Amino acid sequence: MLVLGIETSCDETGVALYDNARGLLAHEVHTQAALHAEYGGVVPELASRDHIRRTLPLVRLVLARAQMKLDVLDAIAYTQGPGLAGALLVGASIATAMAYALGVPAIGVHHLEGHLLSPLLSQRPPQFPFIALLVSGGHTQLMQVEGVGRYAVLGETLDDAAGEAFDKTAQLLGLGYPGGPALAQLAERGRRGRFRLPRPMIASGNLDFSFSGLKTAVATLVRGRSLGDDERADLATDFQEAIVDVLVAKCTAALATTGHRRLVVAGGVGANSRLRERLDAASVRGFDVFYPEIELCTDNGAMIALAAALRLAHGIADARYAPTVRPRWELSGVSAG
Ligand code: KG4
Ligand code: ZN
């Protein structure tokens, strides 16, 4: 089953070829970070226009890398949602038109399903069932994953997503957009303990999160003050430590309450090395942690092709030639129970 995957939900154009038997054959991502940087955030109309420019050349490139032609495809998958409506429509329209022309199914994929299955593409893939921590720019969720298409939400953020908190705090520290990776890099130089920051909802007794107060605490600290280089690095360190403390505490609580022994971390913030270090350290308490390859943590076409291929293999793929998109879409909407 050879599937072409197209991801255009936000500011990355991702295209990949995945085969059930041979694995990931090729994948390419074009990031629009430079395009949006001067605006300090994603400009939806610019994102859509850039996806239009990039998608077909990337499809050609991926096919060339795999030395394949379009006519060998068994299906074409695209991100159906959640995401920016215009950006989603680009991938949906291209995928659906190509699938119709080739006479193969067009499969709409939930973006978060792609993220949570992405560790299956790694050298050391997890077995089902597992607990998944999804930490991206738009979402922070703990999921119970019983198998392909069988997902239950255990907890989620009540306000900002973890990646959003990284990006907004990075902006407060003058690190530009998207600031998450830059903040993480700065945090490596800092020393812990100079700033006392809250760990929101760490003892809430449930598996929900809240990060907007943490960002506000940083805003209050930097207001009317110009920080020196060392202070900025220390603040980055203490901010990262606060987020990581909360994420690690909630993951271990989710494992303890469900009795699961496998944890999967996915989404852009899953690339954070301090988070990985702390989860690896916590795993001595009796669980295994699995991560996607670093390059597959952030948005990409590989996870979309993979999710569609697995859904096809399980007979639960929703194929139709209507490029419908779902900018707001709960993951529970794709769960088979
Ligand atoms: O999954 P993703 O590519 O896009 C969404 O679906 O949102 O995640 C992007 C998010 C951004 O907020 C970015 O700042 C964050 O992931 N991110 C990181 C790191 N790398 C990416 N946050 C913290 N540390 C990192 N190393
Ligand atoms: Zn994402």
Net length gained if the chain between Leu158 and Gln185 were fully extended (0.36 nm per residue, minus Cα distance): 7.0 nm
Helix-only mean residue ellipticity at 222 nm for the chain, each DSSP H run of n ≥ 4 adding -39500 (n - 2.57), per residue, nearest 500: -13000 deg cm²/dmol
Helix 229-258 vs. the chain, principal-axis angle (Cα, 0 to 90°, nearest 10): 60
Rounded accessible area of Asp50 (nearest 10 Å², 1.4 Å probe): 10
Degrees between helix 302-313 axis and first principal axis of the chain (Cα, 0 to 90, nearest 10): 50
GNM result for the chain, Cα springs below 10 Å: residue of Gly286, Gly228, Gly190 fluctuating most strongly: Gly228
Simple spin-label estimate for Ala21 and Arg276 in nanometres, 7 Å along Cα-Cβ: 3.3
Two-decimal Rg/Rh across the chain, once Rg and the Kirkwood Rh are taken from alpha-carbon atoms: 0.98
Spin-label model distance (nm) - Val72 vs Asp229, 7 Å beyond Cα toward Cβ: 5.2
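Express in nm, to one decimal, how much length is gained between Arg285 and His260 on full extension, taking 0.36 nm for each residue of separation and deducting their alpha carbon distance.
That works out to 7.8 nm of additional length.
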Highest-MSF residue in the chain out of Val72, Val244, Val62 [GNM, Cα springs under 10 Å]: Val72
Hz values of 3J(HN,Hα) by residue in the range 45-52 - Karplus curve (6.51, -1.76, 1.60), Gly and Pro given as x: 5, 5, 4, 4, 4, 5, 4, 4
Ala101 paired with Thr216, simple spin-label distance in nm, labels 7 Å along Cα-to-beta-carbon: 5.2
Descending semi-axes in whole angstrom, ellipsoid equivalent of the range 221-261, from the Cα gyration tensor: 34, 9, 4
Cut-off 11 Å, label 7 Å out along Cα→Cβ of Arg192, residues of the range 282-311 by amide N: none
Partner lysines for Lys168 [C-alpha distance under 19 Å; skip if fewer than 8 residues away on the same chain]: Lys215
Angle in degrees between helix 180-189 and the longest Cα principal axis of the chain, rounded to the nearest 10: 40
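The values are calculated or read from the model by the stated rules, or taken from the named source; none is laboratory data. All of these numbers come straight from a predicted model, not from anything done at the bench. Every residue, glycine among them, receives a Cβ derived from its backbone with ideal geometry; neighbour counts consider all protein chains shown. Please note that ligands, DNA and RNA were not included when accessible areas were found on the heavy atoms of the full protein model with its side chains. Shrake-Rupley method; radii C 1.70, N 1.55, O 1.52, S 1.80 Å.
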